[in-house]
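Contents: one structure, followed by commentary.
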Amino acid sequence: MDETAIDGAIGRSIAAFQTLEDQFRRIISFCTDGRGRGAAHTSMAGETFADTIQRAEKIVHPFINRWGGQNAPSIRAQFQDAIDSSRLLDQRRNRIVHSALAPAALDSVVAGLSEVSSALDVVHRQLMHWYRPGE
């Protein structure tokens, strides 16, 4: 197996997971401090990807329920799909890394993460659109 290909695939997967984790964290921050007032929140430093997903699920669903109105069920379903896909991709990555590394397998995980990332962008924009404190 080509060592350069393996290193490249590992690097791409790490970058993709970090990007997705950052998206989840931005959504969490928005849902806990949507007005940008710097409200105190629990630090997410040191959390695993799985911990961040769990935190997002716990925080974002109530936000959607509160602010989503009639569109809440569809955006909640989109968000839950992103959560479920992220968990599956995380498990798949772990299985690949702990077995014989195959760059193509890691690259397919990266492709899946890209799809989840696009879905999270849609959810985040919708959350920002709904949020109207003071109305």
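What follows draws every value from the coordinates through simple rules; no lab data is involved. On a predicted model such as this, the values are computed, not experimentally measured, just so you know. When we count neighbours, we look across all protein chains shown, and the Cβ atoms used for this are built from the backbone with ideal geometry, even at glycine.
Please report 3, 21 as a ranked list, fewest other C-beta atoms within 10 angstrom at the top and most at the bottom.
Least to most surrounded, the residues fall as 3, 21.
What FRET efficiency comes out for the pair residue 125/residue 84, r = Cβ-Cβ distance, R0 = 22 Å, nearest 0.05? Write down the numbers at each step before the final one.
Working: r = 20 Å, r/R0 = 0.93.
Efficiency for this residue pair is about 0.60.
For residue 48 and residue 33, calculate 0.36 nm times their separation in residues minus their Cα-Cα distance, and state this gained length in nm to one decimal.
3.2 nm
At a Förster distance of 41 Å, what's the computed FRET efficiency of residue 14 paired with residue 65, Cβ-Cβ distance as r, to 0.05?
Efficiency at R0 = 41 Å is approximately 0.75.
Quote to one decimal, in nm, the extra length available between residue 58 and residue 4 on full extension: 0.36 nm per residue of separation minus the C-alpha distance between them.
So the chain would gain 15.5 nm between residue 58 and residue 4.
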